[in-house]
Amino acid sequence: MHIDVLSVIPQLLESPLSHSMMKRAQTKKLLYVSVHNLRDWAVNEYGQLDDYQYGGGAGMVMMCEPLEKAILDLGKSKIFDEIIYLTPDGETLNQNLANQLSLKQNLLLICGHYKGIDQRIRDHYITKEISIGDYVLSGGELAATVLIDAVGRLLPGVLNDETSALTDSFQDNLLAPPVYTRPAEYNGWRVPSVLLSGDLKKIDEWRYEESLKKTAERRPDLSDHIDH
Ligand code: ADE
């Protein structure tokens, strides 16, 4: 999968993409991420990218021209399956959406700043608008990083254990069950005995029951969508 990112602060994406799973995905050539500085398409020698909003009001708006030029330039070498604008008023990212995006070949992510981008770019180029939650960040970069991680770890071969993404929280609309490691007793706190029993069927059943219980307690909204 190729992910191109357009940003005014490309440095914000550097560290999260250079470690752990995202590093692995790129080293194994399962994921290619190219972060582009939008300022390379600025409208003038001062690097201008934004301007006052029509109708008045506080905050600058990112202009059409640099965004359009960048989208067209990057589109010369590939066809984007989706051009995604990260914005708090977009569709909320969830596991289902991450799963869907992980099946695509080429994504372009656009990180907004200030008051956002000119609506005409949203109308004419953006194919999906995604929020990572009901709060406002200073820009789209951290949201883009979250999206890249959520999608990148789903690409076949990125995770060590092929099945582990399937047992994550939210797959099947269930929260993950509790996990334990050695020692079997710590401070007098014991690991549930079923996990030490070696009976795989019983362990699976216990995990499923714990998942159901946790989901019902914490996320009753998800419980409505569980396939029993
Ligand atoms: N940009 C600013 N806030 C955001 C959010 N919550 N999700 C995605 N992009 C954003």
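The values are calculated or read from the model by the stated rules, or taken from the named source; none is laboratory data. What you see is a predicted model; the values in this text were computed from it and never measured. In this analysis, Cβ positions are derived from the backbone assuming ideal geometry, glycine residues included, and neighbour counts consider all displayed protein chains. Quick note on the areas: whole protein, heavy atoms, side chains included, nothing else; ligands and nucleic acids left out. Shrake-Rupley method; radii C 1.70, N 1.55, O 1.52, S 1.80 Å.
Quick notes on this one:
- The radius of gyration of the Cα set in segment 52-106, together with its Dmax, comes out at 15.2, 42 angstrom.
- Dimensionless Rg/Rh of the chain - Kirkwood Rh, Rg from C-alpha atoms: 1.08
- Most positive-pole-ward Cα, M22, L6, M60, against dipole of segment 1-84 from beta carbon charges: M22
- Counting all C-alpha pairs of segment 1-104, share separated by more than 20 Å (%): 53 percent
- Using equal-weight Cα scatterers in the Debye expression, the normalised intensity of segment 1-50 in log10 at q = 0.19, 0.30, 0.32 Å⁻¹ is -0.66, -1.11, -1.18.
- Rounded accessible area of I71 (nearest 10 Å², 1.4 Å probe): 10 Å²
- Placing +1 on the Cβ of every Lys and Arg and -1 on the Cβ of every Asp and Glu, with nothing else charged, gives segment 104-165 a dipole about its Cα centre of roughly 240 debye.
- Model label sites at K76 and S20, defined 7 Å from Cα along the beta-carbon direction, differ in position by 3.7 nm.
- Solvent-accessible surface ranking, highest first, for M22, M60, M1 at 1.4 angstrom: M60, M1, M22
- This model, with +1 at the C-beta of Lys and Arg and -1 at the C-beta of Asp and Glu, gives the chain a dipole about its Cα centre of some 680 debye.
- Tensor-based shape of segment 49-151 (alpha-carbon gyration tensor, a/c under 1.5 rounded, otherwise prolate or oblate): oblate
- Among V146, V191, the sequence by solvent-accessible area, most first, with a 1.4 Å probe is V146, V191.
- Axis of helix 200-218 versus longest Cα principal axis of the chain: the two differ by about 50°, to the nearest ten degrees.
- Per-selection Kirkwood Rh - segment 160-210 (Cα, Å, 1 d.p.): 12.4 Å
- Accessible area ranking (1.4 Å probe, heavy atoms, ligands and nucleic acids excluded), largest first, for T181, T145, T127: T181, T127, T145.
- Percent carbon-and-sulfur accessible area, the chain, ignoring ligands, DNA and RNA, probe 1.4 Å: 51 percent
- Area of R24 that stays accessible when all protein chains are in place (1.4 Å probe, Å², to 10): 70 Å²
- Straight Cα distances below 20 angstrom link K78 to the aspartates and glutamates D4, D40, E68, with same-chain residues fewer than 8 positions distant left out.
- Three-way shape call for segment 102-228 based on the alpha-carbon gyration tensor, with the a/c threshold at 1.5: prolate
- Protection proxy ranking, peptides 42-49, 105-112, average beta carbon neighbours within 10 Å, highest first: 105-112, 42-49
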